[in-house]
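Below is one structure, written out as structure tokens, with a few remarks after it.
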Amino acid sequence: MLYALILSSLLGQGQVSTSPSEAEVEHHDVLAPIQVIPTRTLRKNILGLELGWNSLTGLGLLYSRNIVPHFALDASAGVSLLRGGEFGLRGRWNILTGNLTPFIGLGFMYGTGWPNPIDKNTEVEENGNKRTAVDYRVKVDRSPFAQGSVGLSWQNRQGFSLMGMLGWTQLLRASNVKVENVEKVASKSDMDALKMAISSGPTIGLNIGYAF
């Protein structure tokens, strides 16, 4: 009888030690669902600083809203060295739902232009004296663009966001550059360089932000 009581006690202790505690059950019930929720669902808003060439901002702020993990909207406001103030709106399709995903973007951007013309100057010498001559003046006008891009977006659960992109920006009007010839006629190479810098061209951008 004594041996039976001891054996029964030992078996009972083994059963208690193998069953999960109440704290373990609660811990599992809370964490298990969160592990399958995409980060872009938990942190839907992103505010970031962007620097780029032909990007939505040039240099400025980009606000993103993760509508669903696969789709986001970007809105921007910034300034471009050559095109003045810039504003943009873009839709982004995230191919994956993980923290790191490639994306495809399609958007619209608008440059306000500069109110004052930009002078192309050269230094000339006349009768032994040097002076600055204005070859021609460039007026950057309003600039509507369409933009297509591909890139990578990374967003972690702590809120850090990083995005890089490449693409093409297409001017939606015949020209956004007005040239006034003063002392010389703008050469073809100069005009090609101006169009590459101010009109249609390749896009590159980098954005660093915080998701909340």
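Bear in mind these aren't lab numbers, they're just calculated from the coordinates by the rules spelled out. Remember, it's a predicted structure, so these values are computed and weren't measured experimentally. A quick note on method: Cβ atoms are made from the backbone with ideal geometry, for glycine too, and the neighbour counts reach across all protein chains shown.
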Net charge of Cβ neighbours under 12 Å - reference residue 71; Lys, Arg +1; Asp, Glu -1: +4
Full-extension gain in nm, residue 168 to residue 97, via 0.36 nm per residue minus C-alpha separation: 23.0 nm
Neighbourhood charge, 14 Å Cβ-Cβ cut-off, centred on residue 160 and excluding it, Lys, Arg +1 and Asp, Glu -1: +3
For the range 132-179, alpha-carbon Rg and Dmax in angstrom: 18.6, 58
Computed P(r) (all Cα pairs; the range 127-212; 5 Å bins; percent): 3, 11, 15, 14, 12, 11, 9, 8, 6, 5, 3, 2, 1, 0, 0
Whole-Hz ³J(HN,Hα) from phi, Karplus 6.51 cos²θ - 1.76 cosθ + 1.60, for the range 159-170, glycine and proline x: x, 6, 10, 9, 9, x, 8, 10, x, 9, 10, 10
Semi-axis lengths (Å, descending) of the ellipsoid that matches the C-alpha gyration tensor of the range 42-211: 40, 15, 12
